[in-house]
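The values are calculated or read from the model by the stated rules, or taken from the named source; none is laboratory data. A quick note: this is a predicted structure, and the numbers were derived from the prediction, not measured. Cβ placement follows ideal geometry from the backbone for every residue including glycine, while neighbour counts extend to all protein chains displayed.
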Amino acid sequence: MTGLPIAVVGASAAGLAAVEALRRSGWRGPLTLIGDEPHLPYDRPPLSKQLLHGDWTPERLTLRTAEQLAPLALDLRLGTRATGLDVATRTLTLDGGEQLGCAGVIIATGVAARTLPGADRIAGVHTLRTLDDALALRSGLANGGAPGSEDVAAGGGGGGRRVVIVGNGVLGCEAAAVARELGHEVTLVGIGPTPMAAVVGTEVGELLAEEHRARGVRLLTAAVDGFETAPADQDGAGDPRVTAVRLAHGGPPGSGGVAAGGGTRLPADLVLLAIGSRPAVGWLDDPALDTTDGLRCDAYCAAAPGIYAAGDVARWDHPVHGRPLRFEHRMNATEQGMAAARNLLAELAAEAPAAAEDAAPAQERRPFAPVPYFWSDQYAVKIQAYGPTAGADRVETTVLDRAERRALALYGRDGNAVGVLAAGLPPRQARALRAVVATPLPWEEARERVAAATADG
C-alpha cells in the first residue's frame, strides 16, 4: 500500500474495537487513533449508573490501559479534535491545523449531549455524556447543592438535594434512579407523559413510571422554558447558580409555584439535562458525505470510498430490516467498529496489490447485519431488548407481575415482529428471546415463539 496510516477518529468503544480489529485482521501499517477527550478509551454505560452512584472509580471504566494498548503500536492522539475531512484525498484536518493524509478513515465520533440555551454558563446545570460530565454531576450529588445547604458524604445520600432531571428517556430515568437511591428529592420532567415510551412503548413505560413513583420520584409532563439563578457568592463572582427550573407557561397541574413570567417553577439545587443527543458530525462539511441524522453509510458501513463509520454516529443500511438505522447502544458500537475495520481492509486490499508492504490478507466485504441489543438498569429492574423497538407500529405488552415490574413486549413493523423486550426476567430467558427477532417474523409466529421461549419461567 502507500505507507499512509489508517486513522480512526473517536477513541471510545467503537474506535477501540476498530483499531484492535485492524491489527487482528492483518494491518501492519501506521495506525492513528484520535480522541477529543484526554482519557484513554473508557466505557460509557456505567457513567449513569455505577460511576454516578459512587460504586465504581473512574479507573474501572477504562477499556484498555496504556500497557494493553502498547502492542497495537498506535499513534495515539488524545485531547485532539478532528475539524475536517477531504473525502477525495482522505485527508483529515486536526485542531492544530495539521493535515493528515490517510489510506483510510473510520469515523467513530459518537454523539454529543443536547443542551438548552445558556445552560453551560449556569453552575449546577449538567449534561451527562462524558467521564468529566459524570464526575461533575457525581460531585454535585455528593456535596453540591445551594450555598448553605447540608453536605452529603461522598458516595452517600441523605442531603435531600432538590434534583430536577429534564428528559424522561433512558438516560434521565437511569439518573433519576441513582439520585433517588442516594437520598435526594428527585423530579423527572418530560415533554411526553410516559418515561422511555419512544423506546419501550407506553405500557412498559407506565410500568417503569410506577416503579419511579413507588421509589419517591415525582414525574411531571411539561416543557422547560428556562432557569432561575442566584449569584454564585456574595461578591457576584463566578457563574450564577441554578435555583429553579422554569416550566412553560402554566406548567402541569400541581407542579409548584408560579414564576414571575407566569410559568411554573421547580426549585432546584441541581439540574441534569437529559434531553437527547445529536450525532457528532458538525466537523464533516465535505458535500460528498450525507450527515443527516448521523453519517449515512451503505450496508458495509462505508460512507464514501475508503471512509467508514461505526457506533452511535453511523446511520447505515441494515440489510435485514431494509432501511437505514442508527443505534446509540454499547454492543452495536463494538460490533460495528470491528465490521467497519474488516470492510475497510477488504476495500484497501482490492485497491492495491496484495504484496504491498502494509497489506492485510485478502478478504471480502460483508454487510453489517446485527441483532440490535440494549439494556437499562433502574433500581432492581433490568430491562433487555433485542431488535429495533423504536418506531414500531404495533406493540403488544404482557405484564407478568406488576408488583415485581416483570413484563414482556413484542414490537412490530409492517406486519412483522422486529423487536422484543424483557423486564425483570431471568438472564437465560431474556437471551432466548434474541433468536425470535434475529430476522423479522410474521407477527403470530413471533408471538408463539416468545411464549415458547418463556414458558418454563
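So here's what we get for this one:
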item	result
Among the candidates M338, M331, residue that is at pLDDT below 95 and in the same structural domain as A302 (by TED's automatic domain parsing)	M331
One residue from D55, D86 being among the charged types (D, E, K, R), within 26 Å of the chain's Cα centre (by Cα) and either closer than 27 Å to G26 by Cβ or in the same structural domain as G282 (by TED's automatic domain parsing) (or both)	D55
Residues satisfying the stated conditions in the stretch 15-32, i.e. within 15 Å of L4 (Cβ to Cβ) and outside any helix (DSSP H, G or I)	W27, R28, G29, P30, L31, T32
Subset of the stretch 33-66 (residues that are among the aromatic types (F, W, Y) and assigned to a loop (DSSP other than H, G, I, E, B))	W56
Residue satisfying condition, being modelled with pLDDT of 95 or more and over 27 Å from the mean Cα position of the chain (by Cα), within set T202, T243, T292	T243
Selected residue (only one of L40, L51 is closer than 23 Å to A340 by Cβ and buried (at least 17 other Cβ atoms within 10 Å of the Cβ))	L40
Flag for G282 being over 25 Å from G412 (Cα atoms) and not assigned by TED's automatic domain parsing to the domain that holds G226	yes
The stretch 324-348: number of residues that are surrounded by fewer than 21 Cβ atoms within 10 Å (Cβ to Cβ) and either aromatic (F, W, Y) or more than 21 Å from the chain's Cα centre (by Cα) (or both)	2
Strands (runs of 3 or more DSSP E) completely within the stretch 290-341 that count 1 or more residues being closer than 29 Å to I383 by Cα	295-297, 307-309, 314-318, 323-325
Residue in the stretch 433-456 that is among the charged types (D, E, K, R) and surrounded by 18 or more Cβ atoms within 10 Å (Cβ to Cβ) present	yes
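For (1) in the same structural domain as A341 (by TED's automatic domain parsing); (2) surrounded by fewer than 17 Cβ atoms within 10 Å (Cβ to Cβ); (3) in contact (Cβ under 8 Å) with a residue 12 or more places away in the chain; (4) part of a strand (DSSP E or B), each residue gets a yes or a no:
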residue	(1), (2), (3), (4)
L69	yes, no, yes, no
L76	yes, no, yes, yes
G96	yes, yes, yes, no
L100	yes, no, yes, yes
L128	no, no, yes, no
